[in-house]
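**Student:** My questions all concern the structure below.
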Amino acid sequence: MNIQEHSFLKGVYEITLSTIQDERGFFMRTFDESIFRDKNIGRQWVQENHSRSLNMGIIRGLHFQLPPFSESKLVRCTNGKIKDVFVDLREGSETFGKHGSVILSDENKKMVLIPRGFAHGFETLSDNCDVLYKVDNYYNKENELGLLWSDPELDIKWETNEPVLSSKDEQNLTLKQFLNKYEPLTI
């Protein structure tokens, strides 16, 4: 496993998995608590979720939960290709309101660790995308919010201009609306 901290969003880690291959296929370790603990990024994962998106051009997110239900995520695309996006909402952070992204796919075998205090979403760059992600807090519907994918203040460069969205994600807040109603996320 090669684990690298994001170039400017502290606490976000891009993880490239290593494979052992032979004529049958491959084997890879996708999680090792001792390696994560040694890198000081250990978490107690309490839930694992699986999302399937059938078509290219779907955007899911940008989701997050308010404290005390904030959650870290360990995200991996096991089939297809996605653009994974994360927005810093941490109180007092030098990069508050800034975003980053990483391409995750079954081919590049990368994961991303997103700490508490970030909004998270992804765009499907191929048909039939399966995304698995571990979280370190339980889902709480009453404390779930989302940022609008097209918020000009966030200025996220998506691959599509006309994504397929859920009705819930069409109602997400702009960063300004979020800040008018809520405080930045304490973690």
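The values are calculated or read from the model by the stated rules, or taken from the named source; none is laboratory data. Everything numeric here is computed off the predicted structure, so don't read it as measured data. Neighbour counts run over all protein chains shown; Cβ positions are idealised from the backbone, glycine included. We work out accessible area using only protein heavy atoms, side chains counted, and drop any ligands, DNA or RNA first. Shrake-Rupley method; radii C 1.70, N 1.55, O 1.52, S 1.80 Å.
**Student:** Rounded to whole Å and sorted largest first, what semi-axes of the equivalent ellipsoid does the C-alpha gyration tensor of segment 28-120 yield via the square root of 5 times each eigenvalue?
**Tutor:** 21, 19, 13
**Student:** Whole number in Å², please: accessible area per residue of the chain, 1.4 Å probe, ligands, DNA and RNA not counted.
**Tutor:** For the chain, the solvent-accessible area averages 54 Å² per residue.
**Student:** Shifting gears a bit: Taking amide H atoms as placed 1.01 Å from N in the peptide plane, list the residues 5 or more away in sequence, or in a different chain, whose amide H sits under 5 Å from that of residue 39.
**Tutor:** none
**Student:** Just need the Rg to Rh number for segment 81-164, please, alpha carbons only, Kirkwood Rh.
**Tutor:** Result: Rg/Rh = 0.95.
**Student:** Next question. Which whole-Hz ³J(HN,Hα) couplings does segment 21-38 yield from phi under the Karplus relation 6.51 cos²θ - 1.76 cosθ + 1.60, θ = phi - 60°, glycine and proline marked x?
**Tutor:** Working through the residues one at a time gives 10, 8, 5, 7, x, 9, 10, 8, 8, 9, 7, 9, 4, 5, 5, 5, 5, 4 Hz.
**Student:** Under 18 Å between alpha carbons, and skipping anything fewer than 8 positions from residue 157 in its own chain: which aspartates and glutamates qualify?
**Tutor:** Result set, ordered by chain and number: 84, 88, 123, 169, 170.
**Student:** Would you mind counting up the charge near residue 147? Only other residues with Cβ under 10 Å from its Cβ, with Lys and Arg at +1 and Asp and Glu at -1.
**Tutor:** Every neighbour counted, the sum reads -3.
**Student:** Can you tally the net charge around residue 162? Count Lys and Arg as +1, Asp and Glu as -1, for every other residue whose Cβ sits under 13 Å from the Cβ of residue 162.
**Tutor:** Local net charge: -3.
**Student:** Hey, got a sec? Which trypsin sites (Lys or Arg not before Pro) in segment 1-36 land in a DSSP loop and have at most 11 other Cβ atoms within 10 Å?
**Tutor:** 24, 29
**Student:** Computing the accessible area with a 1.4 Å probe over protein heavy atoms, can you report the carbon and sulfur percentage for the chain?
**Tutor:** Carbon with sulfur: 45 percent of the solvent-accessible area.
**Student:** Take the alpha carbon atoms of segment 108-187, find their center, do the same for segment 12-59, and report the distance between the two centers in whole angstrom.
**Tutor:** Here the answer is 19 Å between Cα centres.
**Student:** Okay, moving on. Where in segment 62-147 are there chymotrypsin sites (Phe, Trp or Tyr not before Pro) that are in a DSSP coil and have at most 15 other Cβ atoms within 10 angstrom of their Cβ?
**Tutor:** Hits after loop and neighbour filter: 138, 139.
**Student:** Divide by every residue of the chain the summed helix terms, -39500 (n - 2.57) for each DSSP H run of at least 4, and state the resulting mean residue ellipticity at 222 nm, rounded to the nearest 500 deg cm²/dmol.
**Tutor:** -2000 deg cm²/dmol
**Student:** Bins of 5 Å, beginning at zero and ending with the bin holding the largest distance: percent of Cα pairs per bin for segment 35-87, please.
**Tutor:** 4, 12, 22, 24, 19, 13, 5, 1
**Student:** Oh, and also: Shape verdict for the chain, please, from the Cα gyration tensor: rounded (a/c under 1.5), prolate (a/b greater than b/c) or oblate.
**Tutor:** Oblate, since a/c reaches 1.5 and b/c is not below a/b.
**Student:** For segment 124-187, run through the GluC sites (Glu not before Pro) and keep only the ones in DSSP coil with at most 13 other Cβ atoms within 10 Å of their Cβ.
**Tutor:** Answer in residue order: 153, 159.
**Student:** What ³J(HN,Hα) values, in whole Hz, does the Karplus curve 6.51 cos²θ - 1.76 cosθ + 1.60 give for segment 78-89 when θ = phi - 60°, with x put for Gly and Pro?
**Tutor:** Once θ is set to phi - 60°, the couplings for segment 78-89 become 8, 8, x, 8, 10, 9, 8, 10, 9, 10, 6, 10 Hz.
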